[in-house]
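A.B. asks: Before anything else, here's the structure in question.
The values are calculated or read from the model by the stated rules, or taken from the named source; none is laboratory data. Everything numeric in this text was worked out from a predicted model, so none of it was measured. Glycine gets a Cβ as well: all are built from the backbone with ideal geometry, and neighbour counts include every protein chain shown. These area figures cover heavy atoms from the full protein model, side chains too; ligands, DNA and RNA do not enter into them. Shrake-Rupley method; radii C 1.70, N 1.55, O 1.52, S 1.80 Å.
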Amino acid sequence: MGLARGMHASRSLRRRSAVAGTVCLLLAGAVACGPAEAAGPPAERVRTALDRTTAQESATVVADLDAPVGEVRALLSELGRDAGREQARRLAATEVAMALEADRPLNELETYGPGTRLVVGLCLGDRDVVSYKSVDGRVYLRLLPKELLDHGALTPAQHDRVEEIVGLADELPGSLEATRRLLTGGWVSLKPEAFQDYGWALEELTGRTVHREQSRGAAGLLDGEELRTALTGLENLLGRHTAYRVVGEDDGVERLRAELPARRTAKVLAPLLQPLGTGFDPAEVAEGRVPATVIIRRGSLAEARLDLGSLIGDGSVRVPLRLRFSPGDIYSPKAPRNAVELEPQDLLAAALFGARRS
């Protein structure tokens, strides 16, 4: 995601890491990655790899759907969404990058709570369209709607809607400078708890429905609690509750497979899938098992793949969710400079201004 200009500079780093297949989740470092250790039962190898990849103070996971456009479109149909080819193409090209940083090694933390710094980027191809940081109790947000217009593969209706938002930003009065900054690619800062009763405004800005029965409303979406909890749950799911079997070993790379419990997997993955546009209600997932593949490279966790077609549908559609883990944070976890304070009333006033304008 385009977290400040420096993030675009780090884009090449992330791309090289992704191509090399070394992108990892809450992870470890090159220093910690010694020779692969093949000794021990498969489940123990996975736990050791997780521990090694979380042995530093920061780590990154990049999530995407590793499937052709036709299969992605079929998956959206399984979710009850009548998606066109352009929307499916956009989703197939989308990545979500999440970086965590703490003041001590991540593997010494029982959970990834509010004290951990969280950075999230929503990317279309090589373009960042949403940037998010949660640092020291404050949230920083940046939207790039013009990038979405240029590279988002939007339907005509979606294109018109984004153009309308861009046009509104250009006409906002000076008293709504924070909203104008947000909608024109500038950083804003905000206090999540102040937006508790403004879920409708966040729906307008993010395109995500805020379900109060599933979270703490707008504040839960903004403060990053859902994602931090999901990342903790993913580590536990992969490392503590699964029996693996080795299906391949070659030149320091081990491939292991497992059948994960469907409902537990759904509960963990649902928040991670929201930014990808494939969110679902975990309570609606049937009991069963979900195929998963884990790749360990030179002793550290490198990749995990989980079949969303088996999780969400009847298994007739195969759409792997790919999670690539890497050491360190590819985005700076520092608070951006000169971020303008955004108040809930700013969004309310902008919505009223837009309604009167139309």
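A.B. asks: Looking only at region 237-247, filter to residues that are of a type outside the set (A, V, I, L, M, F, W, C) and modelled with pLDDT of 90 or more; which one of those is most open to solvent (accessible area, probe 1.4 Å)?
C.D. replies: The selected residue is ARG245.
A.B. asks: Oh, and also: Identify the single condition in (1) of a type in the set (Gly, Ala, Ser); (2) in a helix (DSSP H, G or I); (3) within 16 Å of ALA43 (Cβ to Cβ) that GLY309 does not satisfy, given that it satisfies every other one.
C.D. replies: The single condition GLY309 does not satisfy is (3).
A.B. asks: Hey, another quick one. Kindly evaluate LEU168 against the criterion of being more than 17 Å from ASP329 (Cβ to Cβ), aliphatic (A, V, I, L, M) and either surrounded by fewer than 18 Cβ atoms within 10 Å (Cβ to Cβ) or in contact with a helix residue (DSSP H, G or I) (Cβ under 6 Å, 6 or more places away or on another chain) (or both).
C.D. replies: Criteria met by LEU168.
A.B. asks: Evaluate region 28-35: report whether one residue or more is closer than 27 Å to PRO327 by Cβ, under 21 Å from the mean Cα position of the chain (by Cα), buried (at least 21 other Cβ atoms within 10 Å of the Cβ) and modelled with pLDDT under 85.
C.D. replies: Scanning region 28-35, I find at least one residue that is closer than 27 Å to PRO327 by Cβ, under 21 Å from the mean Cα position of the chain (by Cα), buried (at least 21 other Cβ atoms within 10 Å of the Cβ) and modelled with pLDDT under 85, so the answer is yes.
A.B. asks: Tell me which helices (runs of 4 or more DSSP H) are completely within region 89-185 and hold 1 or more residues being within 29 Å of SER300 (Cα to Cα) and of a type in the set (A, V, I, L, M), or say none if there are none.
C.D. replies: none
A.B. asks: Another one. From LEU301, LEU342, LEU311, LEU306, which residue is surrounded by 23 or more Cβ atoms within 10 Å (Cβ to Cβ), farther than 21 Å from LEU237 by Cβ and not aromatic (Phe, Trp, Tyr)?
C.D. replies: Of LEU301, LEU342, LEU311, LEU306, the one residue that is surrounded by 23 or more Cβ atoms within 10 Å (Cβ to Cβ), farther than 21 Å from LEU237 by Cβ and not aromatic (Phe, Trp, Tyr) is LEU342.
A.B. asks: Can you tell me which residue is least open to solvent (accessible area, probe 1.4 Å) among those in region 265-298 that are over 18 Å from ASN236 (Cβ atoms) and hydroxyl-bearing (Ser, Thr, Tyr)?
C.D. replies: For region 265-298, the residue satisfying everything is THR278.
A.B. asks: Another question, then. Can LEU221 be described as modelled with pLDDT of 60 or more, open to solvent by less than 60 Å² (accessible area, probe 1.4 Å), part of a helix (DSSP H, G or I) and of a type in the set (A, V, I, L, M)? Please lay out each step first, then the result.
C.D. replies: Numbers: modelled with pLDDT of 60 or more: no; open to solvent by less than 60 Å² (accessible area, probe 1.4 Å): yes; part of a helix (DSSP H, G or I): yes; of a type in the set (A, V, I, L, M): yes.
So LEU221 does not fit the description; no.
A.B. asks: Moving on to the next point. Under 7 Å between Cβ atoms, at least 6 apart or on separate chains: pull out the pairs that start in region 258-272 with a residue that is more than 9 Å from PRO282 (Cβ to Cβ) and end on any residue that is surrounded by fewer than 22 Cβ atoms within 10 Å (Cβ to Cβ) and of a type in the set (D, E, K, R).
C.D. replies: Once the first residue is more than 9 Å from PRO282 (Cβ to Cβ) and sits in region 258-272, its partners that are surrounded by fewer than 22 Cβ atoms within 10 Å (Cβ to Cβ) and of a type in the set (D, E, K, R) give GLU259/ARG289; LEU260/ARG289; PRO261/ARG289; ALA262/GLU287; ALA262/ARG289; PRO271/GLU226.
A.B. asks: Considering only region 103-122, I want to know if a residue exists there that is basic (Lys, Arg) and touching a Ser or Thr at 6+ places or on another chain (Cβ under 9 Å).
C.D. replies: Step one: filter region 103-122 for residues basic (Lys, Arg), giving 104, 117.
Subsequent filtering for residues that are touching a Ser or Thr at 6+ places or on another chain (Cβ under 9 Å) retains 117.
The answer is yes; a qualifying residue exists.
A.B. asks: Scanning region 248-264 for residues that are among the hydrophobic types (A, V, I, L, M, F, W, C) and under 16 Å from ARG297 (Cβ atoms), which turns out most open to solvent (accessible area, probe 1.4 Å)?
C.D. replies: Only one residue tops the list, namely VAL253.
A.B. asks: Return the residues of region 59-92 that are open to solvent by 60 Å² or more (accessible area, probe 1.4 Å) and among the basic types (Lys, Arg); say none if nothing qualifies.
C.D. replies: Across region 59-92, the qualifying residues are ARG73, ARG81, ARG85, ARG89.
A.B. asks: Just the residues that are among the hydrophobic types (A, V, I, L, M, F, W, C) and either over 20 Å from CYS123 (Cα atoms) or free of Cβ contacts under 8 Å to residues at least 12 places away in the same chain (or both), please, taken from region 76-89.
C.D. replies: LEU79, ALA83
A.B. asks: Can you tell me which residue among THR278, THR265 is at pLDDT below 90, under 17 Å from the mean Cα position of the chain (by Cα) and more than 13 Å from ALA43 (Cα to Cα)?
C.D. replies: When all the criteria are applied, what remains is THR278.
A.B. asks: Are any residues in region 112-132 open to solvent by 10 Å² or more (accessible area, probe 1.4 Å) and either charged (D, E, K, R) or closer than 11 Å to PRO275 by Cα (or both), and if so, which ones?
C.D. replies: Of everything in region 112-132, those that are open to solvent by 10 Å² or more (accessible area, probe 1.4 Å) and either charged (D, E, K, R) or closer than 11 Å to PRO275 by Cα (or both) turn out to be ARG117, VAL120, LEU122, ASP126, ARG127, VAL130.
A.B. asks: Another question, if that's okay. Restricting to region 315-335, and then to whatever is of a type outside the set (A, V, I, L, M), open to solvent by 20 Å² or more (accessible area, probe 1.4 Å) and in a loop (DSSP other than H, G, I, E, B), can you tell me which residue is farthest from PHE195 (Cα to Cα)?
C.D. replies: Out of the qualifying residues, it is SER316.
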